[in-house]
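Structure, as structure tokens:
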């Protein structure tokens, strides 16, 4: 039987942190490596959610949504740890990042694409023929969580309009009045399905909260300076705020 360390491959895992002489760089590296591990797990759960919706397994889909939401809370909470680092402490090792930037996280871009927040420019940041570009291209061309959910509703006999079922999945989901009428009917007549809709709203709100905490953390650390890797830092991050993932689920709030 493998030992605890062998099972988790701890020797290799704990050798992946290679900070320089600065004390605070270890924290920065560990936090961001942990983020990437959670992104990996969230993609794993989202792919599983696609399978559950495709097989009309609403109870287990709801359970998977609960897990995703709990992980998202951890992602937000990790910002508190990063904010224990002062601007001067970050400045001490910032130059070691060189061209590296969280803006380049392929897994986070994959999550954005699965959630429907797609931009062709995010694909083109990676070299043609690279493994990273291939992964993003596949996600870019694939249906999103909203498309999986719309297909699930259609298979259960709900009136999902053709322009939602047959939309261009490389674009962000657009509001649909016909879809909103169907959703209102679900909220009034199908409590279990309405509960799942609320978990989608929770996910949407949680992603927006993570983005807000992220931009405020960057502003707190580097102010309005350019970010690492040539990104525009907080200026770019602010443009990502207040963009709903599921606009129809927000639009119907005024109808109850």
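None of the figures in this text is laboratory data; all of them are computed from the coordinates on show. Since this is a predicted model, take the numbers as computed values, not measurements. So basically every Cβ, Gly included, is an ideal-geometry build from the backbone, and we count neighbours across all protein chains shown.
Of note:
Results for (1) assigned to a loop (DSSP other than H, G, I, E, B); (2) without any contact (Cβ under 8 Å) to a residue 24 or more places away in the chain, shown as yes or no for each residue.
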residue	(1), (2)
164	no, yes
174	yes, no
184	no, no
192	no, no
197	no, no
204	no, no
219	no, yes
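- Qualifying helices (runs of 4 or more DSSP H) (wholly inside region 19-129; at least 1 residues being surrounded by fewer than 16 Cβ atoms within 10 Å (Cβ to Cβ)): 25-54, 58-82, 87-94, 120-124
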